[in-house]
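Inspection log for the structure reproduced underneath, given as structure tokens.
Every number in this text was worked out from the coordinates using simple rules, so none of it is lab data. Since this is a predicted model, take the numbers as computed values, not measurements. Positions of Cβ are generated from backbone atoms using ideal geometry, with glycine treated the same way; all protein chains shown enter the neighbour counts.
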Amino acid sequence: MSTSQSHSISKDEVLRIAKLAHLDLNADEVAAITQDLSQILDYVKTLREVDVTGVPPMSHVDSAGIVPRLDEEEPSLAHDIALREAPSVDDGGFRVPAFVDEG
């Protein structure tokens, strides 16, 4: 794949996506992500050009030999042991700080 930037995605689009994801990116990060995403999108465009006529779809690369784990009930961790190492406990449960940011 070529190392030249093809502009599959613009810096403005990266900034818009970053804003939606509440990410603060500096100029170097925006440039790097723009280049990386452009290369990914170019690769996807290349994959679309591959002739897959007659190739059956697959759900797994190799599912032979994969044995699912039995779903067996096991005792859980005792309540007092679970809370013993907690940094903060309140009313018999873990106390956690509020983290909702509407910004």
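Where does the charge balance sit around residue 25 when Lys and Arg score +1, Asp and Glu -1, over other residues with C-beta under 15 Å from its C-beta? If you can, show how the numbers build up before the last one.
Working: positive: 11, 16, 19; negative: 12, 13, 24, 28, 29, 36.
Net charge in that neighbourhood comes out at -3.
Modelling each spin label as a point 7 Å along the Cα-to-Cβ direction, I'd like the residue 45/residue 26 distance in nm, to one decimal.
3.1 nm
Quick one: grab the alpha carbon gyration tensor of the stretch 31-83, order the square roots of its eigenvalues as a ≥ b ≥ c, and give me rounded if a/c is under 1.5, else prolate or oblate depending on whether a/b is larger than b/c.
oblate
Using a Förster distance of 35 angstrom, determine the FRET efficiency expected from the C-beta separation of residue 58 and residue 86, and round it to 0.05.
Values: r = 45 Å, r/R0 = 1.28.
E(calc), rounded to 0.05, equals 0.20.
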